[in-house]
Amino acid sequence: MVVKEAVAVQKSAKQNVSVSELEAFQSVLGEAVERLHYPETVYELLKEPMRVLEVNIPVKMDDGTTKIFKGYRAQHNDAMGPTKGGIRFHPDVTADEVSALSGWMSLKCGITDLPYGGGKGGVICDPRTMSMRELERLSRAYVRAVSQIVGPSKDIPAPDMYTNAQIMAWMLDEYDHIREFDSPGFITGKPLALGGSKGRETATSRGLFYILQFIAEKKQMKLEEMRVIVQGFGNVGSYLAKYLYEAEAKVVGIADVMGGVYDENGLDIPYLMEKRDSFGAVTHLFENTITNQELLEKECDVLIPAALGGQITEENAPRLNCSIVVEAANGPTTTGGGKILKERGITVVPDVLANSGGVIVSYFEWVQNNQGYYWEEDLVDERLKAKMEASFQKVYQTAEAYKTDMRTAAYMVAVRRLAEACRLRGWID
């Protein structure tokens, strides 16, 4: 099968990244379909979202003016169940980006055996420059704009980049007003007082920590002897660094949007967490900082890109100084970068497996909302670990059986389940 050109090249640097994200998704998808000897119709059905809604969102700003924000909601495939995925507020959101992210969400749900397809949403904005009142108006207006295609049995949003539990609370309240009944299962990542799940805020980080335990065991390494770099110090990166620090692993580097900090003797993670702001920024407090790209190339055992996509590229992959990459961010490795890592024998645990803890506990939250019965955190954690381990073992065993890398194996595991659901519905032969 020849994987077709995904989209035309866009103008800005971030748009180029999002194009490569979609191309990367389609490229590995095509390889997985080929390895499984599935017909090309499977690839054609899964290469793009089934639907993408683009909306213009008018918001009254604090200065009295009205600003029009562009927003999106992509629904990749609903053969396995309602679509599920986060909403990001970021100045570089594009339709191509949310399309790729929705596809990756479908794969995550397939790998982890969740009854969902993938969805993703986003609004082009910079929440760091907006007041809380402006963010609330934008959050409510976004829900009004997409309300016809979302819902607890249609498409279930969640937090993503620069959105949080408070934003989910405003969105839930707006949806309840529109539908005129209480719908806690409409959205996940909510505050506990509104039906959120214990353990949801740290679920992605906790899942990544378990993945590190599993891969360390396979590689016959001790977690407490690992030197780890975490690029990104937002919710996911900071909590993961905390868990690693508590497990006595040596976190030798962290980064935020302004730069990186590296210390071969290990960083004081509790101090950094105490000093970081609500957007994960902390490096501005230090004098001897380095760039994000310099940090990626520093010596370590495990490199964890936990920031934006497109960080490991054909240009810098030859200079990475690690033996394992665990992808905490979505799409941090470009296609060219991934090929070089594979040639160099660097093990890559792909994003669609590594960061699936968030959607797993979002599923647990949705189940609790539907049951009206809420679990203690130790039960959430126990069930999360079981799901992560079962998913890891499936992918690792598939990689060994087919003598391929873990990314291709993860796509193969997911495509099997997606294709079976589509076939049973009569969408494909």
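The values are calculated or read from the model by the stated rules, or taken from the named source; none is laboratory data. What you see is a predicted model; the values in this text were computed from it and never measured. Positions of Cβ are backbone-derived with ideal geometry, glycine not excepted, and every protein chain shown enters the neighbour counts. These area figures cover heavy atoms from the full protein model, side chains too; ligands, DNA and RNA do not enter into them. Shrake-Rupley method; radii C 1.70, N 1.55, O 1.52, S 1.80 Å.
For segment 328-362, which trypsin sites (Lys or Arg not before Pro) pass both filters: DSSP loop (anything but H, G, I, E, B) and at most 16 other C-beta atoms within 10 Å? Provide the component values of the computation, followed by the final result.
Details: sites: Lys339, Lys342, Arg344; in loops: Arg344.
Loop-located and lightly packed - Arg344.
Over 33 Å, how big is the tail of the calculated P(r) for the chain, in percent of all Cα pairs?
Numbers: 26965 of 91806 pairs.
The answer is 29 percent, as a whole percent.
May I ask what percent, to the nearest 5, of DSSP beta bridges between residues of the chain are antiparallel?
45 percent
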TODO: Note down the nm distance, to one decimal, between modelled labels 7 Å out along Cα→Cβ at Arg35 and at Ile149.
DONE: 3.1 nm
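Got the relative contact order for the chain handy, in percent, Cα pairs under 8 Å and 6 or more residues apart? Mind showing how you got there, number by number?
Details: 891 pairs, mean separation 68.7, N = 429.
Answer for the chain is 16 percent.
Lys and Arg at +1, Asp and Glu at -1: add these up for the other residues within a Cβ distance under 11 Å of Asp351 and post the number.
On the way: positive: Lys108, Arg407; negative: Glu21, Glu327.
Charge balance near Asp351 sits at 0.
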Open item on the list: Only four residue types carry charge here, +1 at the Cβ of Lys and Arg and -1 at the Cβ of Asp and Glu. Report the dipole size of segment 43-152 about the Cα centre in Debye, rounded to the nearest 20.
Closed with: 300 debye
Open item on the list: Taking 2.2 N^0.38 Å as the expected size of a compact globular protein, what ratio does the Cα radius of gyration of segment 62-176 give against it, to two decimals?
Closed with: 1.05
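At 1.4 Å probe radius, can you tell me the per residue accessible area of segment 29-186 in Å²? It would help to have the intermediate numbers written out before the result.
On the way: 5680 Å² over 158 residues.
Solvent-accessible surface per residue comes out at 36 Å².
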Task: Between segment 384-428 and segment 34-93, the alpha-carbon center distance in angstrom - done: 23 Å
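In the P(r) worked out for segment 235-390, what percent of Cα pairs fall beyond 26 Å? Please report the intermediate quantities before stating the final value.
On the way: 4080 of 12090 pairs.
It works out to 34 percent of all Cα pairs.
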TODO: Report Rg (one decimal) and Dmax (nearest whole number) for segment 328-429, counting Cα atoms only, units Å.
DONE: 16.5, 50
Open item on the list: As an exercise, identify the GluC sites (Glu not before Pro) in segment 349-421 lying in DSSP coil whose Cβ has no more than 11 other Cβ atoms within 10 Å.
Closed with: Glu376
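Find how much the distance from Asn321 to Lys403 grows on full extension, using 0.36 nm per residue of separation minus their present alpha carbon separation; answer in nm with one decimal.
On the way: separation 82, 0.36 × 82 = 29.52 nm, distance 2.44 nm.
Additional length available on full extension: 27.1 nm.
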Open item on the list: Given a 10 angstrom Cα cut-off, can you work out which residue in Leu384, Leu29, Leu53 is the most mobile in a GNM of the chain?
Closed with: Leu53
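Give the whole-number value, in cubic angstrom per residue, of the convex hull volume spanned by the C-alpha atoms of segment 14-93. Mind showing how you got there, number by number?
Values: hull volume 9.0 nm³, N = 80.
Convex hull volume per residue, Cα atoms: 113 Å³.
Looking only at Cα atoms, what is the convex hull volume of segment 70-134 per residue, in Å³? Before the final figure, lay out the partial values.
Numbers: hull volume 5.7 nm³, N = 65.
About 88 Å³ per residue, rounded to a whole number.
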- [ ] Let me see the pair-distance distribution of segment 161-235: every alpha carbon pair, 10 Å bin width, integer percents in order.
- [x] 16, 34, 23, 18, 8, 2
Task: Size of charge dipole - segment 260-366 - debye, nearest 20, with Cβ of Lys, Arg +1 and Asp, Glu -1, no other charges - done: 300 debye
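Rounded to the nearest 20 debye, what is the charge dipole size of the chain about its Cα centre when +1 sits on each Lys and Arg Cβ and -1 on each Asp and Glu Cβ? Before the final figure, lay out the partial values.
Values: 48 positive and 59 negative charges, 177 e Å.
Magnitude of the dipole: close to 860 debye.
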Open item on the list: Shape verdict for segment 181-301, please, from the Cα gyration tensor: rounded (a/c under 1.5), prolate (a/b greater than b/c) or oblate.
Closed with: oblate
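Quick check on segment 286-336: what are the equivalent-ellipsoid semi-axes from the Cα gyration tensor, as sqrt(5λ), descending, whole Å? Intermediate results must be reported in sequence, preceding the final value.
On the way: eigenvalues 59, 32, 26 Å².
Semi-axes from the Cα gyration tensor: 17, 13, 11 Å.
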TODO: Compute the accessible area per residue over segment 265-348, keeping the other protein chains in place, probe 1.4 Å, unit Å².
DONE: 46 Å²
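If you roll a 1.4 Å probe over the chain with all protein chains in place, what percent of the accessible area is carbon or sulfur? All intermediate terms of the calculation are to be shown ahead of the outcome.
Values: 8380 of 17600 Å².
Percent of accessible area from carbon and sulfur atoms in the chain: 48.
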TODO: Set the Förster distance to 35 Å, then compute FRET efficiency between Met132 and Glu54 from the Cβ-Cβ distance, nearest 0.05.
DONE: 0.85
Task: Nonlocal amide H pairs with Val251, under 5 Å, H built at 1.01 Å - done: Val228, Leu267
Task: Protection-proxy order for peptides 405-416, 250-261, 171-182, each taking the mean of Cβ atoms within 10 Å per residue, highest first - done: 405-416, 250-261, 171-182
Task: Geometric extent, Cα atoms of segment 334-373 - Rg, Dmax (angstrom) - done: 16.9, 50
